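The next block holds one structure in the form of structure tokens; read it before the comments.
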Amino acid sequence: MKICLSGNFVASADEGVRKIVRYLERELSKRHKVLTVRTKRLASWAEVRAFHPDIIHSVLTPTTPGFVEARLMALCFPSAKRVISAPQASALRFRRLLRHFRPDLVLTQSDESERMLQSLGMRTEFLPNGVDPETFHPVTAEAKAALRDRYGVPSRTFVALHVGPVKKGRNLRWLTRLQTDGCQVLVLGRPSQTPEEDLRQELLSAGCWVWPQYVEAVQEVYQLSDAYVFPTLNPLNCIETPLSVLEAMACNLPVITTRFGALPRLFSEAKGLSFVDSEEELSKGVAEARAGGCGADTRRVVSPYSWAEVVDRLEKIYGDLVG
């Protein structure tokens with residue numbers, strides 16, 4: 001097949017939608033011809049027409065104009081089937097307008113988004129994000145000690161990690177309660193998004209570490225940590241299958257998370273994976289992770305969601321569309 005991946009994603013390697021496109025492009029290119037374009041570049045429209053795609057697959061940031069732009073892009077080659085990935089569909093506005101820009105299929109990542117889009121007469125399929133288990137993997141105690149030495153993290157400190165932008169909408173204030181004598185909170189921010197300064201200062205005042213810099217080998221930050229915490233509640237503040245949660249699980253970290261987006265649909269509680277509904281439960285989950293030592297089994301739990309497995313499913317979806 002000839003597949004065009006399009007969207008308004010940015011080139012920043014720490015941005016979620018761009019990471020999704022990068023992995024889709026990598027896996028699909030193993031068996032298909034793939035063209036990746038940015039919708040806002042007019043030159044891209046001519047590239048699409050010359051490419052003659054079977055599928056035009058738009059990976060969208062969650063805006064109604066994004067749906068409109070995807071529809072206009074598809075006019076470059078009308079015979080192609082139109083697919084949209086909406087990794088944060090709950091943020092869509094002017095939903096009634098979308099009825100006039102329906103693609104052939106929308107790939108959803110939560111029950112809520114699925115119901116909302118189906119109510120607009122759209123055909124949907126559930127397809128979560130994936131993880132790269134070769135990049136994100138557990139390390140030996142010796143390798144972990146070496147990483148801590150390199151990054152200046154004390155060897156005996158229990159590190160509870162969160163990866164993502166420093167913004168109030170992600171509910172990071174819950175993390176200040178985790179900062180105790182026996183637990184060090186580390187927030188690895190997103191350089192492409194300026195941190196909210198008052199929240200950053202609040203985290204620092206509580207004793208949390210906030211690293212704003214871009215870390216190329218981000219897997220090393222997971223590997224030097226002892227647990228991963230995801231306190232976000234508001235669906236407008238993260239894609240519905242949080243990549244950081246999958247990456248932490250692939251590194252076999254204990255994960256303490258809210259019931260966010262697709263996570264309760266993908267996973268049941270397991271050894272090292274806890275769902276929480278309050279600040280108190282988050283603190284209790286971290287305390288249990290500290291007491292449990294290295295008994296997590298989260299890598300096994302996330303193994304069905306490697307990007308290779310996710311793209312295998314996507315190829316079947318494409319095949320059904322083109323007949």
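The values are calculated or read from the model by the stated rules, or taken from the named source; none is laboratory data. Only a predicted model underlies this, so the values are computations on that prediction, with no experimental measurement involved. For neighbour counting, all protein chains shown are included, and Cβ atoms are generated from backbone atoms with ideal geometry for every residue, glycine included. Just the protein is used for accessible areas: all its heavy atoms, side chains included, with ligands, DNA and RNA removed. Shrake-Rupley method; radii C 1.70, N 1.55, O 1.52, S 1.80 Å.
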Original post:
When you go through THR176, THR140 one by one, which is the residue that is polar (S, T, N, Q), modelled with pLDDT of 95 or more and farther than 23 Å from GLU280 by Cβ?
Top reply: THR140
Subject >> Members of region 172-224 that are within 17 Å of the chain's Cα centre (by Cα) and polar (S, T, N, Q) >> reply: SER192, GLN193, GLN219
Original post:
Any residue at all in region 83-93 that is under 18 Å from the mean Cα position of the chain (by Cα), hydrophobic (A, V, I, L, M, F, W, C) and modelled with pLDDT of 95 or more?
Top reply: no
**OP:** Could you grab me the full set of residues in region 217-266 that are on the phi < 0 side of the Ramachandran plot and among the polar types (S, T, N, Q)?
**Re:** GLN219, GLN223, SER225, THR232, ASN234, ASN237, THR241, SER244, THR257, THR258
**OP:** For region 280-316, enumerate the residues that are part of a loop (DSSP other than H, G, I, E, B), small (Gly, Ala, Ser) and touching a strand residue (DSSP E or B) at 6+ places or on another chain (Cβ under 9 Å).
**Re:** ALA296
**OP:** Identify all residues within region 198-218 that are of a type in the set (S, T, N, Q) and surrounded by 17 or more Cβ atoms within 10 Å (Cβ to Cβ); write none if there are none.
**Re:** none
**OP:** Spot the failing condition for GLN118; the list is (1) open to solvent by less than 60 Å² (accessible area, probe 1.4 Å); (2) within 30 Å of ARG82 (Cβ to Cβ), and only one is missed.
**Re:** (1)
**OP:** Within region 230-240, identify whether any single residue is out of contact with any helix residue (DSSP H, G or I) (no Cβ under 8 Å at 6 or more places or on another chain), touching a residue at least 24 places away in the same chain (Cβ under 8 Å) and more than 28 Å from PHE267 (Cβ to Cβ), and answer yes or no.
**Re:** no
Original post:
Out of curiosity, is PRO235 touching an Asp or Glu at 6+ places or on another chain (Cβ under 8 Å) and surrounded by 23 or more Cβ atoms within 10 Å (Cβ to Cβ)?
Top reply: no
**OP:** Please enumerate the residues belonging to region 223-275 that are in contact with a Leu (Cβ under 8 Å, 6 or more places away or on another chain) and in a loop (DSSP other than H, G, I, E, B).
**Re:** LEU224, SER225, ASP226, PRO231, THR241, PRO242, LEU253, PRO254, PHE260, PHE267, GLY272
Original post:
In region 240-292, which residue that is buried (at least 24 other Cβ atoms within 10 Å of the Cβ) and among the β-branched types (Val, Ile, Thr) is nearest to THR135 (Cα to Cα)?
Top reply: VAL245
**OP:** Return yes or no: is VAL153 closer than 19 Å to ALA296 by Cα and open to solvent by less than 40 Å² (accessible area, probe 1.4 Å)?
**Re:** no
Subject >> First in region 65-76 and buried (at least 20 other Cβ atoms within 10 Å of the Cβ), second anywhere and among the hydrophobic types (A, V, I, L, M, F, W, C), Cβ under 6 Å, 6 or more apart >> reply: GLY66/LEU60; PHE67/LEU98; PHE67/PHE101; ALA70/ILE84; ALA74/ILE56; CYS76/TRP45; CYS76/VAL48
Subject >> Residues being touching a residue at least 12 places away in the same chain (Cβ under 8 Å), assigned to a helix (DSSP H, G or I), hydrophobic (A, V, I, L, M, F, W, C) and within 24 Å of GLU220 (Cα to Cα) - total across region 161-205 >> reply: 4
